[in-house]
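S.K.: Take a look at this one; I'll ask things after.
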Amino acid sequence: MKELHNFINGTWRSSTEVFDKSSPFDGRLVARVHVATDSMIDEAVMAGRRAVETGWGRMPLRARAQILRDLSRALMARMDDLVEADMADTGRSLWQARNFDGARAIRQFDAYCDLALAMENRSASFTGSDGAQGLWYTQQRPRGVIACIAPWNMPLLLMIMKLAPALVMGNAAIAKPSEETPGSATVLAEVIAQSEVPDGAFALLHGAGATGAALTAHPGVDAISFTGASATGSAIMRSAATGLREVALELGGKNPALVFEDADVEAAIAGTARSAFFNCGQICFCTERAYVHRSHFDAFVEGISQAARKVVIGEPAHDGFSIGPLISQGHRAKVRDLLDSVTADGGAFVAGGGVPRFGDSRDAGAFIEPSVAVGLAPEARFLREEVFGPVLHVAPFDSEDEAIALANDTEYGLASVIWTENVHRAHRVASQLRAGHVWLNAWQFRDLASPLAGAGLSGVGEQFGRSSLEFCTQPQTVTLRVAPLEETV
Ligand code: NAD
């Protein structure tokens with residue numbers, strides 16, 4: 001049995017409070033996790049402050065970047081352990097853990113080093129009101145101690161997306177992974193412990209929501225980078241209001257896909273099957289609502305239902321698109337409750353809607369069938385709440401305006417997909433969708449440096465690439481008054 005500890009100020013810490021992490025694949029015990037105590041949280045924050053104010057925060061950017069590039073190399077060498085940890089915690093396939101998370105996640109250290117080194121300071125010369133010449137420039141100082149709180153759906157990727165910008169800009173990063181996925185963050189901490197990142201600049205704290213809440217409430221935390229549920233984001237914003245700390249919140253979605261009469265319907269079916277079911281529907285960008293032009297509605301429903309039935313489930317060695325379980329029995333109970341609401345609200349399933357049976361140890365896991373429903377009215381619960389499972393509802397529309405209105409009929413505003421072969425329509429519709437990211441005839445084809453700003457319940461602030469570096473930076477303006485000759489002689 002693995003014991004997972006906290007990493008604080010360069011040392012590993014055990015705790016008297018522990019919890020068991022079990023596999024959603026078959027229920028077996030994966031690890032015993034030590035929960036960070038309040039005094040450990042305090043110690044991590046204080047050590048972080050010292051690291052920012054002394055060595056790490058004062059080190060030239062180029063030197064920090066070199067340390068992080070070396071760290072990236074060391075992480076690549078531990079790829080098998082990182083992949084194994086995410087597979088054990090989530091039940092996902094080897095193919096997905098390697099290709100979708102693994103290397104793509106680790107490469108973020110190099111990507112953020114490149115971006116940080118290319119960041120330019122602003123400057124200008126000016127004439128003051130007394131006629132004296134002036135010169136100002138900005139410089140990028142670290143913001144301080146940054147709480148990096150990640151969810152469980154893409155554990156390694158989303159954690160590194162927070163740590164890399166924080167560390168390269170000279171901040172102390174305190175990682176709080178989800179209680180459902182403590183494994184890969186612990187391997188990450190093992191590698192950082194062996195790296196040149198100084199004590200205190202990085203800490204790992206394990207625990208559930210209470211640990212996250214205690215961390216965000218700590219007055220020594222300067223900013224909070226959070227990805228997770230909208231309700232948690234709201235609680236974090238309230239906590240951050242004390243002390244006026246900065247927050248970056250990437251939250252949930254209830255994402256639509258629009259399939260127009262001029263779409264390549266086969267491509268739209270294949271793309272929507274991926275966008276609805278990939279990672280068992282547990283990606284914030286996953287499609288949960290499809291609106292299809294009435295002329296294609298029947299063919300689309302038939303095609304997507306067939307695609308749902310063909311999805312390979314619970315085969316970790318499958319070398320391609322397949323799905324594992326939901327993250328936990330608790331999450332499956334929530335998803336099943338929403339599936340039950342479909343028939344209660346007058347809808348019907350054309351595929352799935354239940355739990356698959358394997359006749360082996362997987363029956364103790366948290367699997368769910370990829371599901372396609374039709375027939376719900378726009379106000380149905382299933383169409384308003386984020387399910388975060390492999391589910392899709394399909395409804396017809398008759399006009400472009402109606403499609404846009406249906407897509408925007410949600411409190412969320414994260415991602416949308418437009419399927420059309422008409423380039424004018426694609427851009428016309430994109431500009432009218434309330435969504436942080438719009439894909440045209442694609443999904444999850446993404447430059448991780450492109451910005452994301454969720455609207456409504458989907459987020460606060462702009463993230464990724466340069467935006468994440470700016471979030472982790474306290475800009476400072478330095479002004480020089482160039483003294484006139486008579487004042488200097
Ligand atoms: P969650 O909000 O339950 O938990 C996320 C993290 O916050 C965990 O580490 C958890 O322990 C911690 N936490 C819980 N309560 C807290 C509190 N009061 N204060 C501080 N920390 C607290 O979310 P989840 O269930 O782990 O993740 C699924 C959600 O994440 C979905 O809603 C999904 O849409 C969203 N998500 C969004 C994005 C995005 O980029 N917009 C990406 C991935 C996931």
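The values are calculated or read from the model by the stated rules, or taken from the named source; none is laboratory data. In this text the structure is predicted, and so the values were computed from the model without any measurement. Glycine gets a Cβ as well: all are built from the backbone with ideal geometry, and neighbour counts include every protein chain shown. Note: accessible area is taken over every heavy atom of the protein model, side chains too, but ligands, DNA and RNA are not part of it. Shrake-Rupley method; radii C 1.70, N 1.55, O 1.52, S 1.80 Å.
S.K.: If GLY303 meets every condition in (1) in a helix (DSSP H, G or I); (2) closer than 30 Å to ILE368 by Cα; (3) within 11 Å of the ligand (Cβ to nearest atom) apart from one, which number is that one?
M.R.: (3)
S.K.: Any idea how many residues of the stretch 409-452 are more than 16 Å from the ligand (Cβ to nearest atom), surrounded by fewer than 18 Cβ atoms within 10 Å (Cβ to Cβ), assigned to a loop (DSSP other than H, G, I, E, B) and in contact (Cβ under 8 Å) with a residue 12 or more places away in the chain?
M.R.: 6
S.K.: Being of a type in the set (Lys, Arg) and either away from the ligand (no atom under 14 Å from the Cβ) or without any contact (Cβ under 8 Å) to a residue 60 or more places away in the chain (or both) narrows it down to one residue among LYS254, LYS310; which is it? Show your work before the answer.
M.R.: Details: LYS254 fails: either away from the ligand (no atom under 14 Å from the Cβ) or without any contact (Cβ under 8 Å) to a residue 60 or more places away in the chain (or both).
Step by step, each of LYS254, LYS310 is checked, and only LYS310 is of a type in the set (Lys, Arg) and either away from the ligand (no atom under 14 Å from the Cβ) or without any contact (Cβ under 8 Å) to a residue 60 or more places away in the chain (or both).
S.K.: Go over the candidates ALA267, ALA231, ALA223 one by one and state the one that is more than 10 Å from the ligand (Cβ to nearest atom), surrounded by fewer than 17 Cβ atoms within 10 Å (Cβ to Cβ), over 23 Å from GLY324 (Cβ atoms) and not acidic (Asp, Glu).
M.R.: Just a single option satisfies the conditions, and that option is ALA267.
S.K.: Also: Does ALA373 satisfy being small (Gly, Ala, Ser), open to solvent by less than 10 Å² (accessible area, probe 1.4 Å) and touching a helix residue (DSSP H, G or I) at 6+ places or on another chain (Cβ under 7 Å)?
M.R.: Criteria met by ALA373.
S.K.: Let me ask something else about it. Looking at the stretch 252-264, which of its residues are under 13 Å from PHE297 (Cβ atoms) and either open to solvent by less than 10 Å² (accessible area, probe 1.4 Å) or among the aromatic types (Phe, Trp, Tyr) (or both)?
M.R.: Scanning the stretch 252-264 gives LEU258, VAL259, PHE260.
S.K.: Are there any pairs, at least 6 apart or on different chains, whose C-beta atoms fall under 7 Å, with the first in the stretch 342-371 and within 14 Å of SER23 (Cβ to Cβ) and the second part of a loop (DSSP other than H, G, I, E, B) and of a type in the set (D, E, K, R), and if so, which?
M.R.: What qualifies is SER361/ASP26; ARG362/ASP26; ASP363/ARG357; ALA364/ASP26; GLY365/ASP26.
S.K.: Can you tell me which condition LEU117 does not meet? The list is (1) surrounded by fewer than 24 Cβ atoms within 10 Å (Cβ to Cβ); (2) in contact with a strand residue (DSSP E or B) (Cβ under 8 Å, 6 or more places away or on another chain); (3) among the hydrophobic types (A, V, I, L, M, F, W, C); (4) in contact (Cβ under 8 Å) with a residue 40 or more places away in the chain, and all the others hold.
M.R.: Condition (2) is where LEU117 drops out.
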